[in-house]
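Notes to accompany the following structure.
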Amino acid sequence: MDAVDGRLPALGIPAGCKMHSAVFATTPTAAGELAACYASTDSARRTLRHAEVMDIDEDAYRADRLSARLYGYLRVPSERRLMQGAKSTRSASDDAAVDAIATNLISELDDATAYVVGSGTTTRRLFERMGLAKTLLGVDALQGRRLVGHDLSESEILQLLAGSPRTKIIVSVIGTQGYIFGRGNQQLSPQVLRLVGRDNIIVLATLNKLAGLPQRRLLVDTGDPETDRMLAGHVFVRTGFRQSAVIRVAAS
């Protein structure tokens with residue numbers, strides 16, 4: 001950002017990590033489309049806008065808190081359809097809803113089922129309510145209400161699946177962006193998702209988070225088109241205690 005200093009247009013290419021900035025295209029393909037369009041458009045007709053450059057506050061992260069820091073702004077193509085928004089944080093009014101989601105889900109946990117749980121503060125609340133430690137940016141696993149895996153890799157998740165008669169995946173929604181797979185949970189690979197199956201995926205989000213999605217849909221970007229098609233369609237999202245909403249999932 002210092003090198004560009006706001007003089008030149010910029011464009012971020014997503015590589016699978018959870019991104020807080022609004023300077024990234026939705027996918028590498030979208031980034032290519034944007035770059036090609038910009039290069040082939042007459043300079044007088046090119047339109048740019050300022051987008052936030054944000055990242056995790058490393059000091060807060062070392063204190064086991066997830067907080068984003070604003071570093072500044074860059075000029076990016078103004079085609080919002082192909083650009084992602086800045087990740088939003090949870091408001092204080094959502095805390096009660098997250099507690100309700102966690103309470104409801106804990107009451108349903110089955111000792112015979114392994115639960116592979118994605119990253120985020122919403123899923124972390126589930127662990128906190130049971131007195132368990134959750135990796136803030138990683139994937140952990142439960143067997144009923146017991147912690148059986150901490151900060152798991154893809155290979156470790158596959159080993160867990162091989163030894164469990166029944167497995168479910170629990171993930172939350174990235175605020176504003178809407179991603180449930182392909183951002184910050186690459187351990188939940190296409191192979192893992194196909195083995196678990198679409199019907200065994202539990203999605204968590206508050207109603208406020210769903211209402212804040214610009215296009216009222218969830219996104220997947222696993223890197224495998226066949227898996228993205230498998231995940232597409234309408235899903236139930238847990239939004240409170242015995243409350244759900246139906247929302248469409250699309251490949252980004």
From the residues in segment 130-180 that are under 21 Å from Ala112 (Cβ atoms) and of a type in the set (Lys, Arg), which one is surrounded by the most Cβ atoms within 10 Å (Cβ to Cβ)?
Lys168
Within segment 196-203, does at least one residue satisfy the condition of being in contact with a Gly (Cβ under 6 Å, 6 or more places away or on another chain), surrounded by 14 or more Cβ atoms within 10 Å (Cβ to Cβ) and free of Cβ contacts under 8 Å to residues at least 60 places away in the same chain?
no
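Conditions (1) charged (D, E, K, R); (2) modelled with pLDDT of 95 or more, marked per residue:
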position: Ser40; (1), (2): no, no
position: Ala63; (1), (2): no, no
position: Arg90; (1), (2): yes, no
position: Ser93; (1), (2): no, no
position: Gly120; (1), (2): no, no
position: Gly131; (1), (2): no, yes
position: Gly138; (1), (2): no, no
The residue from Leu8, Leu34, Leu74, Leu48 that alone is surrounded by 13 or more Cβ atoms within 10 Å (Cβ to Cβ), at pLDDT 75 or above and more than 25 Å from Arg216 (Cα to Cα) is Leu74
Kindly indicate the residue of segment 226-252 that is touching a Ser or Thr at 6+ places or on another chain (Cβ under 7 Å) and in a loop (DSSP other than H, G, I, E, B) and also nearest to Ser107 (Cα to Cα) among those meeting that condition.
Phe241
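The values are calculated or read from the model by the stated rules, or taken from the named source; none is laboratory data. On a predicted model such as this, the values are computed, not experimentally measured, just so you know. Because the Cβ atoms are built from the backbone with ideal geometry, glycine has one as well, and the counts that use them run over all protein chains shown.
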